[in-house]
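The values are calculated or read from the model by the stated rules, or taken from the named source; none is laboratory data. All values reported here derive from a predicted model rather than from experimental measurement. Here Cβ is always computed from backbone atoms with ideal geometry, including for glycine, and neighbour counts include all displayed protein chains. Note: areas computed on protein heavy atoms with side chains; ligands, DNA, RNA excluded. Shrake-Rupley method; radii C 1.70, N 1.55, O 1.52, S 1.80 Å.
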Amino acid sequence: MSDYRGFRITEIHAITGVGDDDEESIPAWFAATGPIPLIPADPKRLEDIKAMAQRIADATAQSFKITQFSVREDIGEIKSTKTN
């Protein structure tokens, strides 16, 4: 059991689709601030992302899956090179 005090990601979901080339990918919603990959990390955002995916599916006539990834493994760390 961890003793984290703040939110930690324990699972993520991804909206996934398979293109005509048989390659799986993650679609993105294009907002004014730039592309948003459809990868939520909490239940509230999952609902928002599902609505975005539905709009993309309707516009493109493509179906998507909601995929869950639930095994967390920290495999490295990227540290800042700046000093405070």
Probe 1.4 Å - accessible area at Val18, Å² to nearest ten: 80 Å²
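What number, rounded to the nearest 500 deg cm²/dmol, is the helix-based mean residue ellipticity at 222 nm of the chain, given -39500 (n - 2.57) per DSSP H run of at least four residues and division by all its residues?
Details: 1 runs with 18 residues, N = 84.
Calculated from helices alone, the mean residue ellipticity at 222 nm is -7500 deg cm²/dmol.
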Rounded to 10°, Cα long-axis angle of helix 43-60 versus longest principal axis of the chain: 30 degrees
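Once neighbouring chains are kept in place and the probe is 1.4 Å, which whole percent of the accessible area of the chain is contributed by carbon and sulfur?
That fraction is 52 percent.
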Under the Karplus curve 6.51 cos²θ - 1.76 cosθ + 1.60, θ = phi - 60°, whole-Hz ³J(HN,Hα) for the stretch 5-11, x wherever Gly or Pro sits: 9, x, 5, 10, 6, 10, 7
Charge dipole of the chain about the Cα centre (unit charges at C-beta), most positive-ward option of Gly17, Ser63, Pro35: Pro35
Entry for P(r) over Cα pairs in 5 Å bins from 0, in percent (calculated from the structure that is shown) out of (1) 3, 15, 19, 16, 12, 10, 8, 6, 5, 3, 2, 0; (2) 3, 15, 28, 28, 19, 6, 1, 0; (3) 3, 11, 18, 19, 16, 13, 10, 6, 3, 1, 0: (3)
Accessible area (Å², per residue) of the chain, counting only protein heavy atoms and a probe of 1.4 Å: 88 Å²
Qualifying lysines (Cα of each under 24 Å from Cα of Lys50; at least 8 residues distant if same chain): Lys65
For the chain, the longest site-free run once chymotrypsin sites (Phe, Trp or Tyr not before Pro) in DSSP loop states with at most 10 other Cβ atoms within 10 Å are removed: 8-84
